[in-house]
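Since the structure comes first, as structure tokens, the remarks are kept for the end.
The values are calculated or read from the model by the stated rules, or taken from the named source; none is laboratory data. As the structure is a prediction and not an experimental result, all values here were calculated from the model. Cβ coordinates were reconstructed from backbone atoms using ideal geometry, including for glycine residues, and neighbour counts include every protein chain displayed. All accessible areas refer to the heavy atoms of the entire protein, side chains included, with ligands and DNA or RNA removed. Shrake-Rupley method; radii C 1.70, N 1.55, O 1.52, S 1.80 Å.
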Amino acid sequence: MTTVTLGMTGITTNKNGFGALPIQRIGADQAIKLLQKAFAHGITFFDTARFYTDSEEKLGEALSSVREQIYIATKTAATDAKAFWKDLETSLRLLKTDYIDLYQFHNPSFCPKPGDGTGLYEAMLEAKEQGKIRHIGITNHRLSVANEAIESGLYETLQFPFNYLATKEELRLVTKCKEQNMGFIAMKALSGGLITNSKAAYAYQAQYEHVLPIWGIQRENELDEFLSYMENPPVMSEEIQAIIEKDQKELAGNFCRGCGYCMPCPVGIEINNCARMSLLLRRSPSELQLTKEVQEKMKRIEKCINCGRCASRCPYGLNTPKLLKENYKDYKEVLAGKPL
Ligand code: SF4
Ligand code: SF4
């Protein structure tokens, strides 16, 4: 079984973390069964967030009896100390525990530091002194904030999107974390559904011994797939390399990474999902994208006022409004039963 140590935290865990965002979408019984099965087969790192509706509650229900044998990472999106404490107390209660192994600032738009006026970092330190949290981390989607967090020396872990579609700058974050002895937690290891070959995704992550991928798991067959890799870990081969190169070619250039840097949109368009709908439809089963809820989200594109805010914020230089319209056109064709 391959293990990862998250830098200076000393947290050593199986190289398959459980990303508990998707369990929001399934019933409590099903989620509890999934989490308990994951633990029974050797998964010991569970990543959730206050923001993921009932994910913490399900985790607490499923795993509080084995609390000492697992690591729980959760997150707060608080922007001031008062909200920080409220979030932390709620997380502790729902997770049925009196400590969080890794408490992370959830995708803040800036890097919290002592003396910045928000009181956030001071609250983290106090929570650590009180024993309510054991380690301090940060998650982000912005390169600038991630770089600042690494350089600040204030964080023990960074959680950032990382997969085989990573840019050179993103790869550099991984190296910098290693140099600073910081843990690197890879979110979006399947690029939010764009990477459909989990074997290739796993083999890519396996090349970075200090990186802990957290797989967003919702179904038992997905869990089984990753559990099977614990016994027979896929390794980089010519065949896998060819799959990766094909995807890198296909997904190079004008594709939306789903990072969300461009949001919020003044008319509420969920850009990070809608601007890559055509790719999602081509690469994953379309029924998942054709639900009433997704149709409503796509229809909102009609409300775009072409303010240009999204395009000016996109780090990949995408013409986002144009991309949204192209994706909406494709979407309507698929709804009408035409193949893409
Ligand atoms: S349009 Fe650009 S900024 Fe917005 S989600 Fe896609 S890649 Fe990220
Ligand atoms: S251009 Fe359209 S999609 Fe982009 S932020 Fe403005 S309203 Fe939203």
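Some observations on this one:
- Divide the volume of the convex hull around the Cα atoms of segment 47-121 by the residue count and you get 82 Å³ per residue.
- Cα-projected label distance for K246 with E209, points at 7 Å along beta-carbon direction, nm: 3.2
- Computed over the chain: relative contact order in percent, which uses C-alpha pairs under 8 Å that are six or more apart: 15
- Table column - 3J(HN,Hα) (Hz), segment 331-338, Karplus curve with 6.51, -1.76, 1.60, x for Gly and Pro: 4, 5, 5, 5, 4, 7, x, 8
- Value of Rg/Rh across segment 165-316 [Cα atoms, Kirkwood radius]: 0.99
- One way to sum up the overall shape of the chain is the equivalent ellipsoid from its Cα gyration tensor, whose semi-axes run 31, 24, 21 Å, largest first.
- Compactness ratio for segment 126-168: Cα radius of gyration over 2.2 N^0.38 Å (N = residue count) comes to 1.39.
- Binning the alpha carbon pair distances of segment 104-233 at 10 angstrom intervals from zero yields the distribution 12, 40, 30, 16, 2, expressed in whole percent.
- Counting Lys and Arg as +1 and Asp and Glu as -1 over every other residue whose Cβ lies under 15 Å from the Cβ of T175, the net charge comes to -1.
- Sparsely packed loop sites in segment 291-340 (the chymotrypsin sites (Phe, Trp or Tyr not before Pro) outside DSSP H, G, I, E and B with at most 14 other Cβ atoms within 10 Å) comprise Y316.
- Where GluC sites (Glu not before Pro) fall in DSSP loop in segment 159-222, at most 14 other Cβ within 10 Å: E209
- Phi-based couplings in Hz for segment 78-87 (Karplus 6.51, -1.76, 1.60; Gly and Pro marked x): 4, 10, 8, 5, 4, 5, 4, 5, 5, 4
- Charge dipole (the chain, unit charges on Cβ, about Cα centre) - positive-most of Q130, L324, P161: L324
- Put a plus charge on the Cβ of each Lys and Arg, a minus charge on the Cβ of each Asp and Glu, and nothing anywhere else: the dipole of segment 81-137 about its Cα centre is then about 140 debye.
- Positive dipole terminus of segment 20-166, leading residue within I32, H106, A49 (C-beta point charges): I32
- Considering only the chain, percent of DSSP beta bridges that pair antiparallel, nearest 5: 10
- Residue-count net charge about D224 - beta-carbon cut-off 13 Å; Lys, Arg +1, Asp, Glu -1: -1
- Segment 256-322: projected area of the alpha-carbon convex hull, averaged over directions, in nm²: 4.3
- Surface exposure of the chain, expressed per residue as accessible area with a 1.4 Å probe, stands at 46 Å².
- Formal net charge of residues neighbouring L165 (Cβ-Cβ distance under 14 Å; K, R +1; D, E -1): +2
- Computed P(r) (all Cα pairs; segment 81-130; 10 Å bins; percent): 24, 58, 18, 1
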